[in-house]
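Chemist: First the structure, then my questions, so here it is.
Values in this text are rule-based calculations from the coordinates and carry no lab data. All of these numbers come straight from a predicted model, not from anything done at the bench. Ideal geometry is used to build each Cβ from the backbone, glycine not excepted, and the neighbour counts take in all protein chains shown.
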């Protein structure tokens, strides 16, 4: 009995969903080419409200953007006169701008990679050089300290007559 109520609940919830889907699909136009053709002889702004449309400035035609060929053919509209996306930028300027920006980005990435690789290669060498210099400085300071200590010890030995010049000199006085 519980399963029957659950099934009835599913049908009642699913029916409005189907109704909404059918209504939305009935409202959507079948092809974008027909929608674009309706916008011909209007304004560029009207035509380009639909993203799939291309506006030709000279013929004032709104046509479907040729997605398969990427660039619109010259017979459809010359690149300098074709506008897509924005009315104030023609397709030729858009392509040139995108190519320049893309080239700058690629060059910047190459320079960054080159600099990073160069820094990685020179980094450990620099570190090793610094460590060697620090070792040399440490050894030099240690040698200075040893020399100072030796001088102090020699002074103390002279003061108390314990010089190492002749180790048997203590025994000769007897």
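Chemist: Multiply the residue gap between residue 100 and residue 57 by 0.36 nm, knock off their C-alpha separation, and tell me the result in nm, one decimal place. Walk me through the intermediate numbers first.
Modeler: Values: separation 43, 0.36 × 43 = 15.48 nm, distance 2.45 nm.
The residue 100-residue 57 span can extend by a further 13.0 nm.
Chemist: Oh, and also: Sticking with the crude label model, points 7 Å out along Cα→Cβ, report the distance from residue 45 to residue 152 in nm, one decimal please.
Modeler: Spacing of the two 7 Å Cα→Cβ label points: 9.1 nm.
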